[in-house]
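Enquirer: Please see the structure below; I have some questions.
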Amino acid sequence: QKEVEQDPGPLSVPEGAIVSLNCTYSNSAFQYFMWYRQYSRKGPELLMYTYSSGNKEDGRFTAQVDKSSKYISLFIRDSQPSDSATYLCAMEGSSNTGKLIFGQGTTLQVKP
Amino acid sequence: GAGVSQTPSNKVTEKGKYVELRCDPISGHTALYWYRQSLGQGPEFLIYFQGTGAADDSGLPNDRFFAVRPEGSVSTLKIQRTERGDSAVYLCASSLTGYEQYFGPGTRLTVT
């Protein structure tokens, strides 16, 4: 079993929809939780990070962490075709060195 | 400012050859990471540098892989006796904090 599980999708939504992306994990020592966006043939781009449990909002993006359930989410409001990409969740390993453990990534397509 | 840069962007080599992949981190970032991303998967950690020293090389798959960062800035990932299974995108990231990692565009390595 992988330390971080993420449904690869693909997920297809109409423009303007609210998108929910999720990851589950097994290592209770994870403290930092990140979401990256990756366009085809590009490097991952850091969208947001959250420390421990709670919510964090940045524009149309909201990240949630529920450590009791070992479950994290990224919500995208008013989705746009330019949001079409692969979204990767990542968590910092328990060694606090920045060794990130990534999910498989969810491919999102927002249709005009 | 300038982001993380990686060269070459693409590398095609024959099985058994030696390759070097270069990473130029964001200026001032002391931490540097190498990851490997196979098609349809999230990045997998290879090695982490803090300054000039390799602080964690637990992700290197075998002794054919080696990385250096002699002056605490540019890093080179070296692969000896390449195998077809080494084909992947090799990503470099740099960071000040560890959890906020900024990725380069990657080097796409193809071993024929």
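The values are calculated or read from the model by the stated rules, or taken from the named source; none is laboratory data. Computed from a predicted structure; not experimentally measured. We place every Cβ from the backbone using ideal geometry, glycine too, and count neighbours over all the protein chains shown. Note: areas computed on protein heavy atoms with side chains; ligands, DNA, RNA excluded. Shrake-Rupley method; radii C 1.70, N 1.55, O 1.52, S 1.80 Å.
Enquirer: What is the packing order of peptides A:64-77, B:54-67, taking the mean over residues of other C-beta atoms within 10 Å and listing the highest first?
Expert: Put in order of decreasing packing, that is A:64-77, B:54-67.
Enquirer: Find, to one decimal place in angstroms, the Kirkwood hydrodynamic radius of segment A:59-112, where the mean of 1/r is taken over every pair of different Cα atoms and then inverted.
Expert: For segment A:59-112, inverting the mean 1/r across all distinct Cα pairs yields 12.9 Å.
Enquirer: I need the calculated FRET efficiency for the pair B:Arg22 and A:Asp58, taking r as the beta carbon distance and R₀ as 35 Å, to the nearest 0.05.
Expert: With a Förster radius of 35 Å, E is 0.60.
Enquirer: To the nearest 100 Å², how much accessible surface do chains A and B cover up together, summed over both, with a 1.4 Å probe?
Expert: 1700
Enquirer: So, one more: For a quick size check, give me the Cα extents of segment A:21-86 along its three principal axes, largest first, whole Å.
Expert: 34, 25, 15
Enquirer: Quote the Stokes-Einstein diffusion coefficient, in whole µm² s⁻¹, for chain A, based on the Kirkwood radius over alpha carbon pairs, a temperature of 4 °C and a viscosity of 1.567 mPa s.
Expert: On the way: Rh = 14.0 Å.
In µm²/s, the coefficient is 92.
Enquirer: Something else about it: Based on the inverse mean of 1/r over its pairs of different Cα atoms, what is the Kirkwood hydrodynamic radius of chain B, in Å?
Expert: Final number for the Kirkwood radius of chain B is 13.8 Å.
Enquirer: Give the separation of the Cα centroids, segment A:8-26 to segment A:42-112, in Å.
Expert: About 10 Å separates the Cα centre of segment A:8-26 from the one of segment A:42-112.
Enquirer: Provide the net charge surrounding A:Ile76, with neighbours chosen by a C-beta distance below 12 Å and charges set as Lys +1, Arg +1, Asp -1, Glu -1. Can you show the working numbers first?
Expert: Working: positive: A:Arg37, A:Arg60, A:Arg77; negative: A:Glu15, A:Glu57, A:Asp58, A:Asp78, A:Asp83.
Overall, the nearby charge balance is -2.
Enquirer: Right, next: Projected area of the protein assembly as shown, taken from the Cα convex hull and averaged over every viewing direction, in nm²?
Expert: 12.3
Enquirer: Taking every pair of Cα atoms in segment B:13-60, average 1/r, invert it to obtain the Kirkwood radius, and report Rg/Rh to two decimals. Don't skip to the end; give the middle numbers.
Expert: Numbers: Rg = 12.9 Å, Rh = 12.6 Å.
That ratio equals 1.02.
Enquirer: Sticking with this structure for a sec: Per residue in segment A:18-46, which ones lose no less than 30 Å² of accessible surface when going from chain alone to all protein chains (1.4 Å probe)?
Expert: A:Tyr32, A:Tyr36, A:Gln38, A:Arg41, A:Gly43, A:Pro44, A:Leu46
Enquirer: When the Cα atoms of segment B:47-110 are enclosed in a convex hull and the volume is divided per residue, what value in Å³ results?
Expert: Values: hull volume 6.0 nm³, N = 64.
Cα-based convex hull of segment B:47-110, divided per residue, equals 94 Å³.
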